[in-house]
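The values are calculated or read from the model by the stated rules, or taken from the named source; none is laboratory data. These numbers come from a predicted model, not from an experiment. Cβ placement follows ideal geometry from the backbone for every residue including glycine, while neighbour counts extend to all protein chains displayed. In case anyone asks, the SASA skips ligands and DNA or RNA and just uses the protein heavy atoms, side chains included. Shrake-Rupley method; radii C 1.70, N 1.55, O 1.52, S 1.80 Å.
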Amino acid sequence: MPLDTADFPADLLALLRHPLSCADAQETIATFFARPALATLYQRARDPLHTASILQGCATLLPELPPQRAAMLALMCGTLVEDDADPRVLFPVALDLLYRWLQQLQPYCAEAVEEDDTEPPDPAALQAWEDAQAQMAAVPRDQRWEVELLHQAADLLVLPLMTMVLRDRRNHADFLAHSALQALLATLHRSDSLPFEQLYYLVLAADISYEDALAVVLPASGTGFIARVHAANNGFHAFSMLQRLIRHHGQALRVRPEIWDAADAASDASDGAPTADMDSDVDGDVDDDADSDTAAFQWLQATAYAGGQLVNPMAWAWGEAPLRSFASRQGLRVLIALDGEGGCSRRWSGFTSACHAAQDPHVEFQRYLTPQEVAALLD
């Protein structure tokens, strides 16, 4: 797509495309956008009449720019998305850039091997560490700034990508579908030889799940409900939000009051634990400061039941796992909230905070399950 010369005049294009030098390693975001041509572009981009065309122009330009400038320009686009610009325009380009940059950085990345007097280090981990060190040592000293700038650019690109991933579920789905990038993120975010500050946030974003219709079944009372779960970090996060929803609908679900007496006591004893918002239509939110919670049920997966009977009490819904990894029945993701004495006590902390302002984790009650539906989901 040709660039609009009103948005991208020749002097701006020359500035953006100019090859990097060692001196550019000192450039900051502030000094970059303090340049008159960049300041003018940013002010023009903030005008709704020009936002879309500038976003599209940036999407065209980014692959041909030096990494540092591409990342800084993407960051500008991220601020536009935060102000409600279309999060889809730049996303595929930025995602591909991050993948290609991480591929280039991978040879220099490895986890440190800790010394242990009791057992020898893992040979593969030790070899990976030594290989990464050797790869960096092989880069001439007067060229290492190129690796450093690429490393900084990749870390910076995470910030606009997080904004675009969490402001559009299609972006999130496309992000998860990029399996090669997911594999790189899973290993490189732990790198000690070339440590990243921001990459872990994309690992957190990859664990987030969206379920438009999740079934919660309470076998003890033969009741249940369908809920929409939006942006749950993992199973623990979903349990916290769903337990508040169950408390709100406890009478109709015929839940034992003793459960909530215990939950209230635990909540009072824990700073920042969630409290019910009985007046909210979306009554399963978890506050940003709610860092801990306790299981009021034994949370199980659908495979725990067969023929209406509990056949596998160890089929836990693992709290650390993404919600989307849990088993389904009847075309629905299913969680079983087993109400009974003597179950394993489960408590969690540090799983319920949003990783980005755009995440908006919450659950919405949709409807109660019929007795027939409850029986079918336990069959």
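Has the range 17-30 got at least one residue that is over 19 Å from residue 147 (Cα atoms) and open to solvent by less than 70 Å² (accessible area, probe 1.4 Å)? Spell out how you get there, then give the answer.
Filtering the range 17-30 down to residues over 19 Å from residue 147 (Cα atoms) leaves 30.
Those left that are additionally open to solvent by less than 70 Å² (accessible area, probe 1.4 Å): none.
No: zero hits.
Within the range 1-16, the set of residues being in contact (Cβ under 8 Å) with a residue 12 or more places away in the chain and open to solvent by 70 Å² or more (accessible area, probe 1.4 Å) comprises 1, 4, 11. Can you confirm whether residue 191 is polar (S, T, N, Q) and assigned to a loop (DSSP other than H, G, I, E, B)? The answer is yes for residue 191.
Restricting the range 45-65 to residues that are of a type outside the set (Gly, Ala, Ser), without any contact (Cβ under 8 Å) to a residue 40 or more places away in the chain and closer than 15 Å to residue 84 by Cβ, the residue that is least open to solvent (accessible area, probe 1.4 Å) is 55.
Among the residues of the range 141-157, are any free of Cβ contacts under 8 Å to residues at least 24 places away in the same chain, more than 15 Å from residue 22 (Cβ to Cβ) and small (Gly, Ala, Ser)? No.
Screening the range 1-86 for helices (runs of 4 or more DSSP H) wholly inside it with 1 or more residues that are under 27 Å from residue 356 (Cβ atoms) and among the β-branched types (Val, Ile, Thr) returns the ranges 29-34, 48-61, 67-82. Going residue by residue through the range 337-359, is there one that turns out to be outside the structural domain of residue 169 (by the TED database), of a type in the set (Val, Ile, Thr), over 25 Å from the mean Cα position of the chain (by Cα) and under 25 Å from residue 257 (Cβ atoms)? No, that holds for no residue. Screening the range 238-268 for residues that are at pLDDT below 90 and among the aliphatic types (A, V, I, L, M) and picking the one that is surrounded by the fewest Cβ atoms within 10 Å (Cβ to Cβ) gives 265. Anything in the range 159-183 that is in contact (Cβ under 8 Å) with a residue 40 or more places away in the chain, open to solvent by 10 Å² or more (accessible area, probe 1.4 Å) and under 18 Å from residue 101 (Cα atoms)? List them, or say none. Selection gives 159, 178, 180.
Does the range 269-281 contain at least one residue that is modelled with pLDDT of 90 or more and surrounded by 21 or more Cβ atoms within 10 Å (Cβ to Cβ)? Checked against the condition, which is being modelled with pLDDT of 90 or more and surrounded by 21 or more Cβ atoms within 10 Å (Cβ to Cβ), the range 269-281 yields no hits at all. Residues in the range 89-110 that are touching a residue at least 24 places away in the same chain (Cβ under 8 Å) and surrounded by fewer than 16 Cβ atoms within 10 Å (Cβ to Cβ): 92, 96, 103, 104.
Where residues in the range 342-363 are outside any loop (DSSP other than H, G, I, E, B) and out of contact with any Gly (no Cβ under 7 Å at 6 or more places or on another chain), which of them is most open to solvent (accessible area, probe 1.4 Å)?
Narrowing the range 342-363 to residues outside any loop (DSSP other than H, G, I, E, B): 347-349, 362-363.
Add one more test, that the residue is out of contact with any Gly (no Cβ under 7 Å at 6 or more places or on another chain), and what stays is 347, 349.
Values: 347: 128, 349: 71 Å².
Residue satisfying both the conditions and the ranking: 347.
Annotation: residue 133 fulfils all but one of (1) out of contact with any helix residue (DSSP H, G or I) (no Cβ under 8 Å at 6 or more places or on another chain); (2) within 30 Å of residue 7 (Cβ to Cβ); the unmet one is (2).
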